[in-house]
Structure formats: structure tokens, C-alpha cells
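Here's the structure, in C-alpha cells; my notes come after.
The values are calculated or read from the model by the stated rules, or taken from the named source; none is laboratory data. What you see is a predicted model, and the numbers here were worked out from it, not measured in a lab. FYI the Cβ positions are ideal-geometry reconstructions off the backbone, even for glycines, and counts take in every protein chain you see.
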Amino acid sequence: MRRSLVRVPMTHLRLTPIVLAGLVLALPTFGQTKAPPAGYTPSPAFVLLDVALEATAREIERVGARPTINSRELFLVVAALYDAWAAYDDTARPALTPLDRAPASERTDDNRVRAMAASLRVVLERLYPKDAEWVRTALARHVGAERSTAARRGARVGQRVMEARLRDGSNHLGDERGAPAGVPYADYTFYSPVNGERVIDPDRWQPIPFTLDSGQVVRPGFLTPHWYRVEPYALSCARQFRPPPPPKVGSAQLAEEVAEVLRLNATLTPEQKAIVEFMRDGPRSTGQSGHWLRFAQAVSRRDRNDLGRDVKLFFAVGAACFDAFIAAWDAKRAYDSSRPWTLVRVLHAGKTVRGWLGPGRGVGDVRAEDWRPYSPASFVTPPFPGYVSGHSTVSAAAARTLALLTGSDRFEDEEARRAGALTESGAPHATMQQVDGVAAKTDERACDVTLALPTFTATAELAGFSRVMGGYHIQADNLEGLKLGARVAEVAWRRTSQLFAGNEPPAPAACP
């Protein structure tokens, strides 16, 4: 079985197909291949985050991936851990709750962990009531005595964390005026797509048909179109860094970027297919916020973090991802832009293009009207507008946060992947593809690859460009998303670093 180690260079916002050829990145939730340092023991914060990520994965398996909602859930998780820890720190200020510092005599690591676990338990039980029993069992040994002062203080912090965000615009309770009564996170802004099965405006988003395993065809609506109204953690408002408009139908830029998507889709090597699956939901998925928290855990292992450093690390990353989703969804709602699925059909109507034919079938000539991304028929493209890419925005925000917190862009992690595992599974392994006009036989069974990730920036760029390669986004979606995420991270870090230093963060500037 072939296994290769490939290194990814920093490319400062754009990775070309030549640079990317043969590179693969595993979903962090599949586990790192790099061995932990000798004698390393994960901190209690690391272990508690593992419990939270597993609870999130269980919820996603039950109801499906909801990246905006999942980012809020994980923000509440890291806030519950951080605010409970801050109550036992000499300096740090909490993020969402009133300062309730424990007496100096009680500021021990044992009490910190009991408080953190109790706070986390309250938040997870509120977020995932169907897994409440599992959560209690998983956290029991960390909480310790239920009636201890630390456990009571922690539970109080968890309750206050949830109370602080119940009316944050997410419609967590399902009771916002204008929304269906009793449907948590339902839209209350009366969004309605311009396009249906027929395209009226090619520059606007079109709900895309999914064919479920049962054979039923559905067109999922815009996931959480109201998310631009969610109260950010650090941004003055969702539109603070709204990017300029995307390229429109009739422009040379859009024609070139759609042609790039077609070219990439028609020449994917097995390794490039693995890149496409880089951030796609898979087994034990926790969404983009969860994936980057897994990367934060890799940093923790690398640096042998103690309890306090891990709490700060996880909070900083989770908070930045939360605000990045809000900013990305503001652009999606403001511009309501098309995806390649629609643009290929519009720009190449009545023509034949080269494209992926489906699992195990390789590449061939298809009508533009039949072109599809490299994705299962049951999840053709994420159900929301394209501009900007959420993957790019969140990845850039998390990457910049990690660099700011650690003082370096150095990552030096390794991830393992099997090409096609999420898309070609169950299909014949031997397939024929056209690569640079030449038929080439490939074998997904022989494509185990280990990727070396030298920097946070390179990892974020790879995540963003993987969405272009897969056919979900054009380059404008990716590049503007990377820029947006980096700007969000700077604002989030200014607030976070002030909290860590024990300062009262200044009020956000007026929204532009």
C-alpha cells in the first residue's frame, strides 16, 4: 500500500492546482498520526473538550451538520470551561458571566477542574438534552462531589453562560416573532429564495436538489439565514468587515473562475479527492469549529500545555470561529450568491463539459445541466449561498488566532487520510480518469497519504482551496473568505487577550 509524506508550503492566500497536486489532509476528528511527545499527559481541559466534541458529534449524527449552530454550541462549551476556570484564577476575567472569583484558599487545580466539569455539564445538558445521561456519566469523575463548593460554583457559571446567550438572535428557544413556534434556530427574517427549479436571476442562490438514499429528491432551504442577526462575541456587528460584492454573470472574472472549477473537477487525482474531503462532514464530525478545536488540541500536545494554557487556547479558537461564522453569514445573506452548480448550468447551457460522473465512474463528457461537484448525491453542495466561503472564513480566523496566541505561525502537525473515503466508498476501486488529456488508471485502495502541515496559514489556505477543487465554491468565495476571517481574528483576539490579562475589554466600536 502506498503511503507518502507531503509538505504544504505557505502561499499567502492562493494555492494553485500545481502546488496542491498530491496533497491530502485528514479530518482532524479521525485522529492525528503524529505520536504525542514522550511522557505527555493531556490536561483536564483537553479531556473535557474531548467530551464536548463527542457530544457535538452525536448531535450531528442525529440531526445533521448545522455549521452555524454547531459553532454557537462550541462557543458556549469553551466559554463554560473558561469562565469556570477564570473564577479560580488570580487575574483572568470571565467572558460571558459576572466576575465571581473564589477565595484564594480555594484556588487549586482540583477545584478548577470540578468547577469546569460542572459548568460544562450544565451547558451540554441544555444543548443536547437527548444525551444528558451520557453527559452526566462522562463527566461524573471530573465533577466529583456534587455538593462541593467548586461544583456548585461551576454549575452556577454554566447556568449563567446559557442565560447570557439565550436572547442572542440565534432563536435558540424557537420563540422569535416571525418564526414557526417552537422550532429552535428557525428563521424569523422571512428569507425566500429568488430561484427555484427555474433560474430567474443567475447571480442569486438556487436551492440545489439532493437525492436521499431512499431515492427521494429534496431541495434544502438556506440554513439559518437569520445568522447575521446573532450577537457576536467581539465584532461590533455582523457587517463590520463585509467584503465587496462577488463577480457577476457576464464578467470575465466569473467566467474564468467557473472555468477553473470545471478544470479542477475534471482532473482530480485520488490525492486531490482527499483534499476535497478535508473539511467535509464525516464520521465523528464536529463542523469547522470542532475541526479547528482539534487542531488546537494538536498544538496543546506539541507544546505540552498545562490546564491554564489549554483553557485559554480552546476559548480563543472557539470564540474566533463563532464570530467568523456570523461575519460569513452576513455576506451570504447580503449577496445571496450562486454556487458553481447553478453557474455551470447558466454559463454553459446546452454545451458539453468534462466532469466527474459519480462514485467509481471516473470523469467523462456530460451536459452542463448534469454537471455535479465531487460530492455524494445526498449532499451535493451545502444549503446556503456561496459568497463568502464559510470554510475559508472560519479556517483563516482560527489559523490567525492560533498564530497570535502561540506567537508563531508554526504548526508542524501531520494528518493521515485515505483518498475517496467519504465519496467513493463502496464504488469499484479501479477507475479511469482523464488527467491532462491522458487516461490514467487509479486505485483508491493504494492512496494512504500523510500530510505535513508546517503552518496554520497553509492549513487554512488548503481548507479554503479544497472547496474550490470540490466544486462548491469559486475562487472569489475562497479568497475573500480568507481575508475576512483574518480580520475577524484580529478583533476577537484583542478582546480575548484583554480578558486573559484581567482587563475590562472596551466596548465594541459603533457598527459601520
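At-a-glance table
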{"read-out": "Subset of region 229-253 (residues that are more than 14 Å from Ala331 (Cα to Cα) and either in contact with a Leu (Cβ under 7 Å, 6 or more places away or on another chain) or in a loop (DSSP other than H, G, I, E, B) (or both))", "value": "Glu231, Pro232, Tyr233, Ala234, Leu235, Ser236, Lys248, Val249, Gly250, Ser251"}
{"read-out": "Failed criterion for Val135 (all others in (1) in a loop (DSSP other than H, G, I, E, B); (2) surrounded by 22 or more Cβ atoms within 10 Å (Cβ to Cβ) hold)", "value": "(1)"}
{"read-out": "Residue pairs meeting the criteria (Cβ under 8 Å; at least 6 apart or on separate chains; first among the hydroxyl-bearing types (Ser, Thr, Tyr), in region 358-385; second in a strand (DSSP E or B) and crowded, with 20+ Cβ neighbours inside 10 Å)", "value": "Tyr374/Trp356"}
{"read-out": "Matching entry among Arg160, Arg121, Arg126, Arg107 (being charged (D, E, K, R), surrounded by 14 or more Cβ atoms within 10 Å (Cβ to Cβ) and in contact (Cβ under 8 Å) with a residue 40 or more places away in the chain)", "value": "Arg160"}
{"read-out": "Residues located in region 206-257, provided they are more than 20 Å from the chain's Cα centre (by Cα) and among the aromatic types (Phe, Trp, Tyr)", "value": "Phe210"}
{"read-out": "Residues located in region 225-277, provided they are surrounded by fewer than 16 Cβ atoms within 10 Å (Cβ to Cβ), small (Gly, Ala, Ser) and either without any contact (Cβ under 8 Å) to a residue 12 or more places away in the chain or within 20 Å of His391 (Cβ to Cβ) (or both)", "value": "Gly250, Ser251, Ala252, Ala259"}
{"read-out": "Residue list for region 324-355, filter: in contact with a Ser or Thr (Cβ under 9 Å, 6 or more places away or on another chain) and either buried (at least 24 other Cβ atoms within 10 Å of the Cβ) or not β-branched (Val, Ile, Thr) (or both)", "value": "Ala324, Phe325, Ile326, Ala327, Ala328, Trp329, Ala331, Arg333, Arg339, Pro340, Trp341, Arg354"}
{"read-out": "Hey, Phe322 part of a helix (DSSP H, G or I), at pLDDT 95 or above and in contact with a Pro (Cβ under 8 Å, 6 or more places away or on another chain) or not", "value": "yes"}
{"read-out": "Qualifying position, being touching a residue at least 40 places away in the same chain (Cβ under 8 Å) and surrounded by fewer than 15 Cβ atoms within 10 Å (Cβ to Cβ), among Pro512, Pro508", "value": "Pro512"}
{"read-out": "Index of the failed condition, Tyr472 passing every other in (1) in contact with a helix residue (DSSP H, G or I) (Cβ under 8 Å, 6 or more places away or on another chain); (2) assigned to a loop (DSSP other than H, G, I, E, B); (3) surrounded by fewer than 24 Cβ atoms within 10 Å (Cβ to Cβ)", "value": "(3)"}
{"read-out": "Residue list for region 184-211, filter: over 30 Å from Arg372 (Cβ atoms), surrounded by 14 or more Cβ atoms within 10 Å (Cβ to Cβ) and free of Cβ contacts under 8 Å to residues at least 40 places away in the same chain", "value": "Tyr188"}
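Residues are listed down the side, and each one gets a yes or a no for (1) surrounded by fewer than 24 Cβ atoms within 10 Å (Cβ to Cβ); (2) part of a strand (DSSP E or B):
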position: Pro454; (1), (2): yes, yes
position: Thr457; (1), (2): yes, no
position: Leu484; (1), (2): no, no
position: Val488; (1), (2): no, no
position: Val491; (1), (2): yes, no
